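Below is one structure; the comments refer to it alone.
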Amino acid sequence: MSRVKAEDLEGLLTAEGQELLAGLREHDPVDDLAVATRLRRTHDAGLVAAALGQARLRQRAVAKFGADDAHRMYFTPHGLEQSTRSSVATHRARRFASFRPEGVADLCCGVGGDVIAMLRAGLSVRAVDRDPLTCAVVAANAAALGLADRLDVVCADVADAGTGGLDGVFVDPARRTARGRVFDPEAYSPPLSWAQAAAAPGSPGAVKVAPGIPHEAVPPAAEAEWISDGGDVKEAVLWFDGRGDRVRPGGRRATLLPSGATIVGRGLPDPPVRPVGRYLYEPDGAVIRAHLVAEVAEEIDGGLIDPTIAYITADGLRPTPYATAYEVTDVLPFGLKRLKALVRERGVGVLTVKKRGSAVDPEDLRRRVRPPGPHSATVFLTRVSGAPTMLLASPAPA
């Protein structure tokens, strides 16, 4: 994807640019060459190229922002890749709003995913970024969505701009360089220690971090929240509250979207290890990242199948938003021949392979088993009390 330039955005904001973008909403990128050739007969070639590039970005943005917003917003390739999806940003903005700050400074604001959510939550926002194009994009996005009246955009280094007296602070450090993802929180830009110093005095303050952040790297003053959306872990947030008790320092929570279900850590010991029961529960990834498997196990009166594996087993079926339940039909030592025979015997034609604690490649296993029948099943490749094991199961009734 070619780089978006300031003059591209300026051209797209004109009446001519708006007309081009409106006509390209349903455009198929496969037809780029033919469409570009046609449009260049009546429009400047540079503007046509910018409109086609923006149309492609908007189509990609639908997955994060929804069609209605995505086709009114403006993006850069990097800004879209790093932006927060609207469901996660909305959840965070609502929590910010519950603290009732006078306003929020969004430091390292990017193209404005979080800015938009906070504005829609009724907050006043100061968006700060050092890149002039990014600042122009976030301003254009707020204007396009009718939210510009409570937004102040400051183009400056976050270290120089500060919070401007606002009592809420959100920091979204860059976690990627030209060489790829950054895993050390002190290698973020700005580093986690700087972000914490900026966010902690505020009420509230929050820092977006990678979901894989080591628990030992979480500052003691922070409450860490892991967020999943549709079962996929999207991010972690470190929350601070400098003037109240609405954040639990050292606490952990997992929030599952779109339901909004939240489970909070209570410092429980590890669940007991027990034989595989009738049901197997697969905890949501945010629950696992937050180390809250014990809380879920207690809720469903279950135990672990292995001390090192985050699968819970129980004899009863208990509804929980924090784990997916499967009814176990077979518990067998791992063996390819045995699995082939069992799949053939059960007439399983669609085999879902899940693994935890196994080195087997699921795709390779599916190819080698080649299930032939009309039924479906799930096989869990894992360990039970240290032994490599196959669990054949099917989704339990909701």
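What to note about this one:
- Unmet criterion (only one of (1) open to solvent by 40 Å² or more (accessible area, probe 1.4 Å); (2) under 26 Å from Gly122 (Cβ atoms)) for Gly212: (2)
- A single entry from Arg346, Arg368 fulfils the requirement of being open to solvent by 30 Å² or more (accessible area, probe 1.4 Å), basic (Lys, Arg), more than 13 Å from Tyr326 (Cβ to Cβ) and in contact with a Ser or Thr (Cβ under 9 Å, 6 or more places away or on another chain): Arg346.
- The residues in the range 219-251 that are over 17 Å from the mean Cα position of the chain (by Cα), among the charged types (D, E, K, R) and farther than 13 Å from Ala206 by Cβ can be counted, and the count is 3.
Results for (1) open to solvent by 30 Å² or more (accessible area, probe 1.4 Å); (2) under 18 Å from Ala310 (Cβ atoms); (3) out of contact with any helix residue (DSSP H, G or I) (no Cβ under 8 Å at 6 or more places or on another chain), shown as yes or no for each residue.
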site: Pro333; (1), (2), (3): yes, no, yes
site: Lys337; (1), (2), (3): yes, no, yes
site: Leu342; (1), (2), (3): no, no, yes
site: Leu351; (1), (2), (3): no, no, no
site: Leu381; (1), (2), (3): no, yes, no
site: Ala393; (1), (2), (3): no, yes, yes
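Residue-by-condition table, conditions (1) in a helix (DSSP H, G or I); (2) open to solvent by 50 Å² or more (accessible area, probe 1.4 Å):
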{"residue": "Val4", "(1), (2)": "no, no"}
{"residue": "Gln18", "(1), (2)": "yes, yes"}
{"residue": "Leu21", "(1), (2)": "yes, no"}
{"residue": "Ala36", "(1), (2)": "yes, no"}
{"residue": "Gly46", "(1), (2)": "yes, no"}
{"residue": "Ala49", "(1), (2)": "yes, yes"}
{"residue": "Gly53", "(1), (2)": "yes, no"}
{"residue": "Ala89", "(1), (2)": "yes, no"}
{"residue": "Ala97", "(1), (2)": "yes, no"}
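- Within the range 168-182, considering residues that are hydrophobic (A, V, I, L, M, F, W, C) and surrounded by 13 or more Cβ atoms within 10 Å (Cβ to Cβ), the one farthest from Ala217 (Cα to Cα): Val169
- Residue in the range 245-265 that is farthest from Pro283 (Cα to Cα), counting only those that are free of Cβ contacts under 8 Å to residues at least 60 places away in the same chain and not in a strand (DSSP E or B): Asp245
- If you check Ala127, Ala136, Ala93, Ala89 for being among the hydrophobic types (A, V, I, L, M, F, W, C) and touching a strand residue (DSSP E or B) at 6+ places or on another chain (Cβ under 6 Å), only one passes: Ala127.
- Scanning the range 215-233 for residues that are part of a strand (DSSP E or B), open to solvent by 10 Å² or more (accessible area, probe 1.4 Å) and either at pLDDT below 95 or of a type in the set (Asp, Glu) (or both) yields Asp229, Asp232.
- Selection from the range 125-145 of residues that are in contact (Cβ under 8 Å) with a residue 60 or more places away in the chain and open to solvent by 30 Å² or more (accessible area, probe 1.4 Å): Pro132, Ala136, Ala144
- Taken together, the residues in the range 149-160 that are open to solvent by less than 50 Å² (accessible area, probe 1.4 Å) and assigned to a helix (DSSP H, G or I) amount to 1.
- Scanning the range 23-34 for residues that are over 15 Å from Phe75 (Cβ atoms), part of a loop (DSSP other than H, G, I, E, B) and open to solvent by less than 90 Å² (accessible area, probe 1.4 Å) returns His27, Asp28.
- Listed by position, the helices (runs of 4 or more DSSP H) enclosed by the range 287-398 that each have at least 2 residues that are in contact with a Gly (Cβ under 8 Å, 6 or more places away or on another chain) are 293-299, 336-346.
- Every pair of residues 6+ apart whose Cβ atoms lie under 7 Å, when the first sits in the range 298-310 and is open to solvent by 80 Å² or more (accessible area, probe 1.4 Å) while the second is assigned to a loop (DSSP other than H, G, I, E, B) and of a type in the set (A, V, I, L, M): Glu298/Leu268
- Restricting the first member to the range 318-343 and to residues that are more than 17 Å from Val293 (Cβ to Cβ), and the second to residues that are open to solvent by less than 50 Å² (accessible area, probe 1.4 Å) and aromatic (Phe, Trp, Tyr), the beta-carbon pairs closer than 9 Å and six or more apart or on different chains are Glu327/Tyr279; Val328/Tyr279; Val328/Phe380.
The values are calculated or read from the model by the stated rules, or taken from the named source; none is laboratory data. The structure displayed is predicted, hence computed values, not measured ones. Quick reminder, even Gly has a Cβ in these numbers, built from the backbone with ideal geometry, and neighbours come from all protein chains shown. Ligands, DNA and RNA are excluded from the accessible area calculation, which covers all protein heavy atoms including side chains. Shrake-Rupley method; radii C 1.70, N 1.55, O 1.52, S 1.80 Å.
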